[in-house]
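Inspection log for the structure reproduced underneath, given as structure tokens.
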Amino acid sequence: MKEVLSTVTSKGQVTIPIEVRRELQIEPGDKLAFVIGELGKVELRPASYPTIASLRGAAGSLSNPLSWKDMLEIGREDAVAAKRGGDG
């Protein structure tokens, strides 16, 4: 087991050392879960979303909501792109 140190700021923030970010494949914008176990053991994991309700806000929001027709069109375009093996 390896121990990597970091300092907590006055605002309660911690920089996750690069070695830890690489090991856990953490990228900017990722959500993390702090899992507190017995005897104060804390695990750091990528966040999981066990229910649809827990996803609320995870993808951000649009400045102008899309119509159902627009969403279907985007879905069709994505499906065609996936069949072609590309982005668009």
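Before rounding to the nearest 500, sum -39500 (n - 2.57) across all DSSP H runs of length at least 4 in the chain and divide by the residue total; then give [θ] at 222 nm in deg cm²/dmol. Result for the chain, helices only: -8500 deg cm²/dmol. Building the convex hull from the alpha-carbon atoms of the range 18-84 and averaging its projection over directions returns 8.0 nm². Axis angle, to the nearest 10 degrees, between helix 68-84 and the longest C-alpha principal axis of the chain: 80 degrees.
Around the Cα centre of the chain, unit charges on the Cβ atoms of Lys, Arg, Asp and Glu (plus for the first two, minus for the last two) sum to a dipole of about 100 debye.
Loop only per DSSP, at most 12 neighbouring Cβ atoms within 10 Å: give me the trypsin sites (Lys or Arg not before Pro) in the range 1-44, ordered by residue number. Mind dumping the intermediate values first?
On the way: sites: Lys2, Lys11, Arg21, Arg22, Lys31, Lys41; in loops: Lys2, Lys11, Lys31, Lys41.
Here the trypsin sites (Lys or Arg not before Pro) that fit, given the DSSP loop and packing criteria, are Lys2, Lys11, Lys31, Lys41.
Normalised by the residues of the range 18-84, what does the relative contact order come to in percent, with Cα pairs under 8 Å and at least six apart? Display every interim value, and only then the final one.
Values: 29 pairs, mean separation 11.8, N = 67.
For the range 18-84, the relative contact order is 18 percent.
Listing Ile52, Ile16 from fewest to most neighbouring C-beta atoms within 10 Å gives Ile52, Ile16.
Read-outs throughout are calculated quantities, based only on the coordinates presented, and are distinct from any laboratory measurement. Remember, it's a predicted structure, so these values are computed and weren't measured experimentally. Here the Cβ is made from the backbone with ideal geometry for all residues, glycine too, and neighbour counts use every protein chain on show.
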